[in-house]
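This report refers to the structure that appears directly beneath it.
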Amino acid sequence: MKVRTVNNHVIIITGVSGSGKTSVGRALAERMEISFYDGDSFHPASNVAKMSSGIPLDDHDREPWLKAINGLIREKLPSASLIIGCSALKEKYRSLLTAGLDPSSILWVHLQGSYDLLYSRMKERAGHFMPADMLKSQFEAYEAPSQGILVDVGQDLNTIIDQIILNLDMSKSDVGLIGLGVMGTSLARNIAGKGFSISIFNRHVAGKEEDVARKTVSQYRELEHAQPFDDLVAFAASLKTPRKIILMVNAGQAVDDIIEKLTPLLDAGDVITECGNSHFRDTGQRQKKLGERGIHFVGTGVSGGEEGALLGPSIMPGGSREGFALMKDILLGIAARNNQGEICCDHIGDGGAGHFVKMVHNGIEYAEMQLITEMYSHFRYDQKKGPEEIARIFDLWNNGDAGSYLLGITIDILRFKDADGSPLIDKISDVAGNKGTGSWTSITACELGVPVPSMTEALFSRYLSSFKADRLRYSSLYASGDVALKIDTDDLLRTYMFCRIINHYQGMKMIREASDAFGWNIDTGALLKIWSGGCIIRSALLSILREGWEECGSDIMQHPFTQQLINAHLDSIKKTMSAMTGSDRAYPVCTSCLEYFKMLITPRSSAYLIQAQRDYFGAHTYKRTDDPSGISHHTKWY
C-alpha cells in the first residue's frame, strides 16, 4: 500500500534504543515518498563520546541535541513534510523537540517493545555508538506518551508500516470546510456535533482576518476537536482520502479562486461540495472543468439561515452523483428532519440543478415575504390595526393551512418591543435589501421563457423601496391618504392562500421547464420533501401539496386542494383584491397573481393581435387557426 505525501507535517518516531526508529522511519519515508532524518546524527560529538563510553546522557546533554532537531523541523516544514527518528523518552523532551511548532502539523508514532526483545536486537547490531547495556537506563527514564500512535515492534516491518499508515489516516478529518463566516461556522458546528471529525480553514489577511480558524475552535464547544488551519496545503493534507471539502465562501470569483488554489492539492476521486449561493451556470462549468481532472463537484443549495445551518438545513445537492455518494453520509447527517422524521436532503440532478432549485426557492421566498407584507400593509393602513392585533390574526392563520416558517417569524417581529416599549417594527427603515439571487430567478425565467410575475413583482418592490426620495416627493403630489376598508378576515386569508398557490405554481413550473431544457430529470416530489423542513419556505401548504402529488400529475393547478379553494372562493377572492386596490397602498404580488391566473385559464388569449402587429411592422409572420398545416403566413397590411 502506497500513500500520498502528507504535506506540511512532521512525523516523529520515538522509542528507546533498539526499537527500530531508523528502520521504521526509512521504510515509512520510502512508502510516503518524503524525507527521513535520523535524530542520532544530530548529537554533538561530546554526546556520542559519552554514550560510547557507557555513560547515560543527562538533560543538560540532551538540550542542544533536541534544539538542533527542532531547528531542522522549522527549516524543512514550511516547504516539505519530513519524518524524524528520535528517542524523545520524556514529555519535557518532546515539548522541547516541538517548541514553537503548530501542534496540528505534528504526528507522533511511539514504538513499543519488551526489554528482552530490544536488548537482543541491540546485541546483534554492529557499529552503533550505543552499547546494549545502556538500554536499562533508557527504560528507567522512559515516560509513556500522552498522545500519538503506539506501535508494537514485535511485528514484521511491512505490518508495522501498514499499521502506522492506517492510524495516521485515522488521525485525519472526515471532512474539511473552507470559509468561516456566519453560515460556514454554523455548518461546521453542525458537522462536528453530528460526530464527524472536521478540519476548518479560513484565509489569513493581515490586520483583518487573522487566526480565524483557531479562534473559532476555541469559541465553540462542538469544535474543540476540530483541526484549524489558515494554510491551504496543510488543510488539504489533514483530510482522509478521498478528500471531502465543503466550500462556504462568497459566490462568484471567490469560489473560482479557492478552487484554483485547491485543485493542485487534490487527487482524482476527491470531492468539492460548494454550498454557497452560486449561479447554476457557474456550477455546471465548475463541475465540467473539475470532472476533466477526475475531481467530483457537487453544487449544493442550502436553505435555513444561520439557525438552519446549525440545527439542520434543507440541502439540495446537484452535480456529480459519484461526489454526492461520497458526501451522502455527511450531508444526510446534518440535514433537517421534517415532522415525519424524513431527511430533507436528496440528490436533485446533474450540472447546476442543485443551485438552480435553490435559486427558485429564493424567488418563491421573495414573493412569500412580499405577500405577508402586503397582508400586513392592508391590516395596518387600510384597516387601521396595530402590530399586536395583526400578530393575533396571523397567529390564527399560522395554526392552519396557512402556517409557515415565514409567517411564524413575522408574528415574533410584530410582537417585539423596543427598549421604550414601542413596537420595534415602526422604527425600521422601509428600504429593503437583496443579495442578487432574486434577480437571477427573474433573469433566468426570461431566458427560459417562463413567466414568474409574483417573484418579479416582489423583486421590483424591493428595488422600488430604495427610491425613497422619489417616493417622498411623489407622495406629496399625488397620494390621497389611506382609506379605511373593512374586508372580512376569512376572505383575506383565502386571498393570501390563493396567491401563495399561484406563486408556488410559478416556481415549480420554472423548475420543470428548466429540468426538461437542461436534461436534469428533477424529481419535484423529492424536492417537496427537501423543502418540508429546515428551509425558509417550509410550510403547511407544501405538506398539503405533497399529498397526492403524483396523482395530480405533479401539477399544483390540478391538485384537489387548489381546485377546491379556487372553485369555491374565486368570486370572493376577486372582490377582496378589488377592494384592496381601492386604497392608495400597493399590492403588486397579490394583483399579479390574480392577473396571472386569469391569463392561465383563458382558452384564447388576445396574443393574436400582437402577432398581427408584429407581422405588420416586421413581417414576423403568424399562424392561422384555420390552417392545420401549421405553416407561417404573412400579410401585406397596407
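The values are calculated or read from the model by the stated rules, or taken from the named source; none is laboratory data. Note that this is a predicted model, so its numbers are computed, not measured. Positions of Cβ are backbone-derived with ideal geometry, glycine not excepted, and every protein chain shown enters the neighbour counts. Surface accessibility is based on the protein's heavy atoms, side chains included, excluding ligands, DNA and RNA. Shrake-Rupley method; radii C 1.70, N 1.55, O 1.52, S 1.80 Å.
Tabulated data
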{"quantity": "Matching residues in the range 614-624 - criterion: being open to solvent by less than 90 Å² (accessible area, probe 1.4 Å) and not in a loop (DSSP other than H, G, I, E, B)", "calculated": "614, 615, 618, 622"}
{"quantity": "Qualifying residue in the range 598-605 (condition: part of a helix (DSSP H, G or I) and either basic (Lys, Arg) or open to solvent by less than 70 Å² (accessible area, probe 1.4 Å) (or both))", "calculated": "yes"}
{"quantity": "Per-region count, the range 561-590, residues among the charged types (D, E, K, R) and surrounded by 21 or more Cβ atoms within 10 Å (Cβ to Cβ)", "calculated": "0"}
{"quantity": "Any chance residue 517 is open to solvent by 50 Å² or more (accessible area, probe 1.4 Å) and either outside any loop (DSSP other than H, G, I, E, B) or without any contact (Cβ under 8 Å) to a residue 24 or more places away in the chain (or both)", "calculated": "yes"}
{"quantity": "Tally, over the range 447-495, of residues that are under 28 Å from residue 562 (Cα atoms), open to solvent by 50 Å² or more (accessible area, probe 1.4 Å) and outside any helix (DSSP H, G or I)", "calculated": "4"}
{"quantity": "Cβ-Cβ under 8 Å pairs, at least 6 apart or on other chains, the range 405-430 side in a helix (DSSP H, G or I), far side buried (at least 17 other Cβ atoms within 10 Å of the Cβ) and among the basic types (Lys, Arg)", "calculated": "405/538"}
{"quantity": "Residue match in the range 433-443 (condition: basic (Lys, Arg) and touching a Gly at 6+ places or on another chain (Cβ under 9 Å))", "calculated": "no"}
{"quantity": "Test set (1) open to solvent by less than 50 Å² (accessible area, probe 1.4 Å); (2) under 22 Å from residue 368 (Cβ atoms); (3) among the acidic types (Asp, Glu) - residue 627 fails condition number", "calculated": "(2)"}
{"quantity": "Pairs with Cβ under 8 Å, 6+ apart, first in the range 40-65 and farther than 21 Å from residue 13 by Cβ and touching a residue at least 12 places away in the same chain (Cβ under 8 Å), second surrounded by 13 or more Cβ atoms within 10 Å (Cβ to Cβ) and of a type in the set (Asp, Glu)", "calculated": "46/61"}
{"quantity": "Tabulated pairs, the range 183-211, first over 19 Å from residue 235 (Cβ atoms) and touching a residue at least 60 places away in the same chain (Cβ under 8 Å), second of a type outside the set (S, T, N, Q) and surrounded by fewer than 16 Cβ atoms within 10 Å (Cβ to Cβ), C-beta under 6 angstrom, 6+ apart or interchain", "calculated": "186/306"}
{"quantity": "Residue pairs meeting the criteria (Cβ under 8 Å; at least 6 apart or on separate chains; first touching a residue at least 24 places away in the same chain (Cβ under 8 Å), in the range 242-260; second open to solvent by 50 Å² or more (accessible area, probe 1.4 Å) and hydrophobic (A, V, I, L, M, F, W, C))", "calculated": "242/326; 244/326; 248/183"}
{"quantity": "In the range 550-560, residue surrounded by the fewest Cβ atoms within 10 Å (Cβ to Cβ) [restricted to those that are part of a helix (DSSP H, G or I) and either at positive phi or out of contact with any Cys (no Cβ under 9 Å at 6 or more places or on another chain) (or both)]", "calculated": "557"}
{"quantity": "Listing of helices (runs of 4 or more DSSP H) fully contained in the range 39-100 that carry 3 or more residues being open to solvent by less than 20 Å² (accessible area, probe 1.4 Å)", "calculated": "59-76, 91-97"}
{"quantity": "Qualifying residues in the range 458-479 (those that are under 23 Å from residue 592 (Cβ atoms) and among the hydroxyl-bearing types (Ser, Thr, Tyr)) - the one farthest from the chain's Cα centre (by Cα)", "calculated": "478"}
{"quantity": "Residue selected from the range 380-394 under the condition open to solvent by 50 Å² or more (accessible area, probe 1.4 Å) and among the acidic types (Asp, Glu), by the criterion farthest from residue 492 (Cα to Cα)", "calculated": "388"}
{"quantity": "Residues located in the range 446-471, provided they are under 18 Å from residue 512 (Cβ atoms), of a type in the set (A, V, I, L, M, F, W, C) and touching a helix residue (DSSP H, G or I) at 6+ places or on another chain (Cβ under 6 Å)", "calculated": "448, 450, 452, 455"}
{"quantity": "Single residue of the range 526-549 satisfying the filter (among the aliphatic types (A, V, I, L, M) and in a loop (DSSP other than H, G, I, E, B)) that is most open to solvent (accessible area, probe 1.4 Å)", "calculated": "536"}
{"quantity": "Residues satisfying the stated conditions in the range 70-127, i.e. among the acidic types (Asp, Glu) and at pLDDT 90 or above", "calculated": "75"}
